[in-house]
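Below is one structure, written out as structure tokens; the observations come after it.
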Amino acid sequence: MPHEQPNHGSRRLGRCVQTLLLAALFAQPCLSNLHHLTPTHTRAKLSHGACQVPNGLFSKLGKIITPGGQNQKSSASDCAAACEADWNCNAWTWCDDPTSCTDELLTQIPYRGCQLKWDPHEPWGVPADELTKNFQPSVFTSGYIKRKKAGQHTFIRLHSAPVTQLMIVTSVPEKGCPLEQGDRATLLGIMNKQDYARWHSYQFYLSTRTVDPTIRPEGALDIWTWNKVALLQKVLKETLPERAPWILYMQPDTIIDDIAFTFPFEMYQGKDWVSVGDANSAKQGWASGVDAGVFLIRNGPWIRQLLDTLATHARSLPLPATVEEAYRPDPLAQAIANLVKADPDAYLDKFNFRSEICISCDWRRMELSPKNDVLNNNPIKSWGTENKRWNLFISRFFECPFCFEDNLKREDEVQECHTSYLEHYEFAFCRFHRMELAVHREDELGGPLGHLMELGVPQNLLNFSGVYTDRTSNTILQSATKLQAATGDQCYQHCLADSRCEFWVWCSHKAGCDDKGEFSGHYPYHGCQLMQLPSNVMPQNWNRGPVFSSFESGYVTSKHQSRTGVDTTDAKERIVIITGVPTAPCTNPYGDYLLSLSMQNKQDYARLHSYEVHLMAEAVTSHIRAGPWQKVGFIQKALEEIPRERAEWIMWLDMDLLIDKMDFVMPLDTYEGKDLIMHGQAEYILQGEARKGMNSGVLLLRNTDWNRNLFAQMAAYGTTPMDIAKEEHLRANLPSYEVGLYEQNVLTFLFYTKPELLDMVVFDISAYGLNCWWKDVDKPWVDKPAFIVHFAGCSMCSGFHPERLGDCDVEYIRIFAESFEHVIRTARKLKLAPGPAQPEWSS
């Protein structure tokens, strides 16, 4: 699950229960406090369900560090550098308007004035009447910096600068809107886009003027459309690629619904223009094939040349006689489609028209459904049921006359536009509001541990570092800084060749690996470290910092004590566990902390059973799309690189699940003649039901050609650039296609269209719960023990469903504490950890 995306509804994973209870508790009081925890207040605090957009701006608008009138800079870059140099500054504004600019405090900033400010990074709310009345749009650039406070220990990777910088560009009418409510709608759009820039530490550029009057003469009815070409020419000329390698242009009639969304820039290799569109329509010269209202462009020479070509074309066009002729179809979209039609080979390869992300969704097709928050008796807006084919990011209000009159629109239609626009703004505001409040609470309480304690999680369940006071480190036999290995298998072979080696780690992260998970220090790329394990300390604390690196690690069973009494020297009994974390930081403030617990959980299970663990923290291949599709690429990589004599089985585990029964040994010998074991129901799969039919969060794969062929077929649907013909075929022929299910759609489709493949699959596991939905754990109607608990639908990294996080996080910590205690009990029983042996779990 490298790049977590919204899950539209709960993925029912089957009903399981943990009937195995502790006969005696661990010496330190642990589970007793949490088993009886009532998360009512927790859910209330964390979800912040009662979110209402305030009238008027937040009172905490920050403070000006250096007024613009006292700080002249020749460029936005110089202004940004001045803010970077001042530790008290986290926001800057540079005025590029000869008539001066006005900020949100109605403070005047002169032309080329650079205002430095401390900004609380809170969402705006609804603008006050005074601000709307005195609103005078101006030309300015602003930027935001996430500052880590002195001495702050945070688990939020987002506190650092974004991996890829983005500039958001928009434009509004210079003299305001003549229509009633028009200026308010314009101001809401500006605030919404600035909120997005604020959260991600991006830059924002607002224009109000005709940039180049030579493109279209003054008074031309289509000047507003062609002005965006001149505007983007100016922005690219003044903005170095290293400052902003990507530019997101948005018309004013747009709202960013998902403030937390981060573009998968690595997915756009070789592409320079990303928008909603259709290549076949563009090749026919139809304007409908290109959306020229919202688009992402690369700051590079190809786009500069395209803009120059479009500007030249605009200068040669006759003047339109009517508004209808000026804007229907969109003249910019029509011009681009004409270029594609004339020379498709030169243009189409540079465009990315199709993805799961909707960056310009027609507001008339996007439904925001109210779901009642029983706790606060407050409706919470969520994605509507009609949106399941898209991951909603930006809504565009087509044919809504916010600013200028449209004689074709009735009064009730205009009012519907305004009502829906405000609903989308409120939706985005509340999402930002929930995330930002959680960030502030973490800052105030000194990190995620304090925040989770405030939410009701007992302190002793969070302070796992206090389990052992006397720590024994691994003995390094060969340092990764001195021993290089081209592959993980070579590092494994190095360990086999050293009679003392019991544990090996190989760094596959291009930037190198740096962790505090008892791997002892920094690992260069392809560094191989060989270690000897301490004889009596079994559990180890995983890195809880903000750094996640791709690595492979493993234990050589034949050289140290058996952890469970099961002999795994035979490859047929050995499993390689593979998993992945999102390449981008979690936008749920303590999502990275929860990911680190999940990683420790998997590492502890591997250590107990002498298995291997491989972590993917960056894209493994550029041939497969970013995000969840990289999971397919990682599984392919493991199947291709791990020899069968090293491990018979490979087990994929999503990062949003925890192994509960830590001493459980999978009955691998019962799967003779089968190559894939997973949760699912064949009767639903044969109906093409991707959600009801299966869940691909846990996949136990035999290391065979059958699986290599299966995943090669799956990968063909996840290629980059997207194979549009395959995608359309999939959508048309899978009855229950949903964008948010990604590779699960494809796996269902392959089984649905080739039912003979099911002969090699085991779905019905009656003895234990391979993939149990977290809400079904401990329910009396379920009669099989939970081996693995899946927190599907919680979106604990993205925070996409903040109203669910209270319940999810409390249960997540409870299951982790339960499994961690089980590790210690097992280790003591096997004399691998200090202290008296503890009774086994009993049913």
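The values are calculated or read from the model by the stated rules, or taken from the named source; none is laboratory data. Keep in mind that what you see is a predicted model, and the values were worked out from it rather than measured. Because the Cβ atoms are built from the backbone with ideal geometry, glycine has one as well, and the counts that use them run over all protein chains shown.
Here are the numbers:
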item: Whichever residue in the stretch 282-301 is part of a helix (DSSP H, G or I) and in contact with a Phe, Trp or Tyr (Cβ under 9 Å, 6 or more places away or on another chain) and, among such residues, is nearest to Ile359 (Cα to Cα); result: Gly289
item: Every residue from the stretch 799-826 that is modelled with pLDDT under 70 and among the small types (Gly, Ala, Ser); result: Gly799, Gly806
item: Residue among Asp669, Asp675 that alone is in the same structural domain as Ile578 (by TED's automatic domain parsing), at negative phi, touching a helix residue (DSSP H, G or I) at 6+ places or on another chain (Cβ under 6 Å) and acidic (Asp, Glu); result: Asp675
item: Residue match in the stretch 593-603 (condition: part of a helix (DSSP H, G or I), over 19 Å from Ala827 (Cα atoms) and aromatic (Phe, Trp, Tyr)); result: yes
item: Close pairs from the stretch 194-220: first in the same structural domain as Glu436 (by TED's automatic domain parsing), partner of a type in the set (Asp, Glu), Cβ under 6 Å, at least 6 apart; result: Thr208/Glu174; Arg209/Glu174
item: Residue list for the stretch 213-263, filter: outside any strand (DSSP E or B), under 26 Å from Ser798 (Cβ atoms) and of a type outside the set (D, E, K, R); result: Ala244, Pro245, Ile259, Ala260, Phe261, Thr262, Phe263
item: Selection count where residues are under 20 Å from Ile577 (Cβ atoms) and part of a loop (DSSP other than H, G, I, E, B), scope the stretch 759-784; result: 4
item: Residue in the stretch 687-703 that is assigned by TED's automatic domain parsing to the domain that holds Ile635, farther than 17 Å from Leu734 by Cα, polar (S, T, N, Q) and free of Cβ contacts under 8 Å to residues at least 40 places away in the same chain present; result: no
item: Lone unmet requirement of (1) surrounded by fewer than 19 Cβ atoms within 10 Å (Cβ to Cβ); (2) closer than 28 Å to Asn352 by Cβ; (3) in contact with a Lys or Arg (Cβ under 6 Å, 6 or more places away or on another chain) for Val620; result: (1)
item: Out of Tyr525, Tyr555, Tyr605, sole residue that is in the same structural domain as Leu639 (by TED's automatic domain parsing), modelled with pLDDT of 85 or more and either over 21 Å from the mean Cα position of the chain (by Cα) or closer than 24 Å to Ile635 by Cβ (or both); result: Tyr605
item: Top-ranked residue in the stretch 293-313 [being at pLDDT 95 or above and among the small types (Gly, Ala, Ser); ranked as farthest from Glu266 (Cα to Cα)]; result: Ala311
item: Verdict on Leu615 being touching a residue at least 12 places away in the same chain (Cβ under 8 Å) and either more than 25 Å from the chain's Cα centre (by Cα) or on the phi > 0 side of the Ramachandran plot (or both); result: no
item: Pairs where the first residue, in the stretch 591-605, is within 13 Å of Ala817 (Cα to Cα) and the second is of a type in the set (Asp, Glu) and in a helix (DSSP H, G or I), C-beta under 8 Å, 6+ apart; result: Leu594/Asp809
item: Residue within the stretch 664-672 that is hydrophobic (A, V, I, L, M, F, W, C), buried (at least 22 other Cβ atoms within 10 Å of the Cβ) and in contact with a Leu (Cβ under 9 Å, 6 or more places away or on another chain) present; result: no
item: Top-ranked residue of the stretch 413-435 - restricted to ones that are charged (D, E, K, R) and over 11 Å from Asp257 (Cα atoms), ranked as modelled with the highest pLDDT; result: Glu416
item: Options Cys95, Cys83: the member that is under 20 Å from Ile190 (Cβ atoms), touching a residue at least 12 places away in the same chain (Cβ under 8 Å) and in contact with a Cys (Cβ under 8 Å, 6 or more places away or on another chain); result: Cys95
item: The stretch 302-324: number of residues that are in a loop (DSSP other than H, G, I, E, B) and out of contact with any helix residue (DSSP H, G or I) (no Cβ under 7 Å at 6 or more places or on another chain); result: 6
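Okay, residues lined up against (1) surrounded by fewer than 23 Cβ atoms within 10 Å (Cβ to Cβ); (2) without any contact (Cβ under 8 Å) to a residue 12 or more places away in the chain:
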residue: Gly270; (1), (2): yes, no
residue: Val290; (1), (2): no, no
residue: Val294; (1), (2): no, no
residue: Arg298; (1), (2): yes, no
residue: Gln305; (1), (2): yes, yes
residue: His313; (1), (2): yes, no
